[in-house]
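The structure appears below as structure tokens.
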Amino acid sequence: MKELMNSIVEKGTILGEGILKVDSFLNHQVDPELMYQIGESFAQKFNDRHVTKVVTIEASGIAPALTTAQALGVPMIYARKTKSITMNSELLTTEVYSFTKQVTSTISISKHFLNEEDNVLLIDDFLANGQAAKGLIELVEQAGANVVGVGILIEKSYQQGRALLNDMGVEVVSLARIASMVEGEVEFLEADL
Ligand code: G4P
């Protein structure tokens, strides 16, 4: 997606160890117009797949998941990384290990919001090793629901996430696919949209 790749080139900063800083439009300050365009792109792509819920994980997945859900006309649910005091109903839970942050977190969604009738589109900001998306797939499967695909804003294609999800039989649609980040330059593969 041209607009997202332009934002990465113009506003992103490459930190050491293959980390892309995009906090001026995605991870801290958020560009609403870009999020709107992203939502429209994902909705167009998955329009004929009978999506009933869009699911993401807090925090940075929420903005693009919300615009996608609005464009599809369905609710958005975000998995929580900490248990809310109001979450007293039964929970779907799983553990997610972050290689980037080297922490394991327990993520959860209330059983109330997903059931076996649901066709779920997963959305997340980054795909690196795929552990967050794998955790979300596990939550959807615990509910007996179906995963129609995973929509990713920024895929780091030199890491294992896409292969892991494809091996699980899940389609990955990425708006920007980064092949490498060397000497301050981002090299892209052809994106899926
Ligand atoms: P994985 O889910 O694909 O296995 O990725 P990993 O554990 O390595 O990443 C964990 C967190 O680090 C995720 O954010 C992910 O979005 C973020 N991340 C991974 N690579 C990059 C990168 O190059 N740049 C930036 N900015 N973030 C990266 P999170 O913990 O869910 O944080 P947030 O959603 O609350 O912001």
Square roots of five times the Cα gyration tensor eigenvalues for region 2-189, Å: 26, 18, 16
Using a 10 angstrom cutoff on alpha carbons, build the Gaussian network for the chain and name the most mobile of G135, G16, G61. G16
May I ask you to give the percent of accessible area on region 85-147 that is carbon plus sulfur, with a probe radius of 1.4 Å? 47
Using Cα atoms only, what is the angle between the long axis of helix 32-45 and the major principal axis of the chain, expressed in degrees (0 to 90) to the nearest 10? 70
Which whole-number value in Å² is the accessible area per residue of the chain, probe 1.4 Å? 51
Within the chain, pairs of Lys residues whose Cα atoms are less than 24 angstrom apart, provided they are eight or more positions apart or on distinct chains, add up to 29
In degrees rounded to 10, the 0-90 angle between helix 2-11 Cα long axis and the longest Cα principal axis of the chain is 60
MRE, 222 nm, helices only [DSSP H, n ≥ 4, -39500 (n - 2.57), over the chain, to nearest 500]: -8500 deg cm²/dmol
Give me a comma-separated list of calculated 3J(HN,Hα) values for region 135-146, in order, Karplus coefficients 6.51, -1.76, 1.60 applied at θ = phi - 60°, integers in Hz, x for any Gly or Pro. x, 5, 4, 4, 5, 5, 5, 4, 7, x, 8, 10
Which peptide among 128-134, 166-172 comes first, and what is the full order, when sorted by highest mean count of other Cβ atoms within 10 Å? 128-134, 166-172
Computed for region 2-189: size of charge dipole around the Cα centre, +1 on C-beta of each Lys and Arg, -1 on C-beta of each Asp and Glu, debye to nearest 20, value 280
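The values are calculated or read from the model by the stated rules, or taken from the named source; none is laboratory data. This is a predicted model, so every value here is computed, not measured. Methodologically, a virtual Cβ is constructed for each residue, glycine included, from the backbone with ideal geometry; neighbour enumeration extends over all protein chains shown. Just the protein is used for accessible areas: all its heavy atoms, side chains included, with ligands, DNA and RNA removed. Shrake-Rupley method; radii C 1.70, N 1.55, O 1.52, S 1.80 Å.
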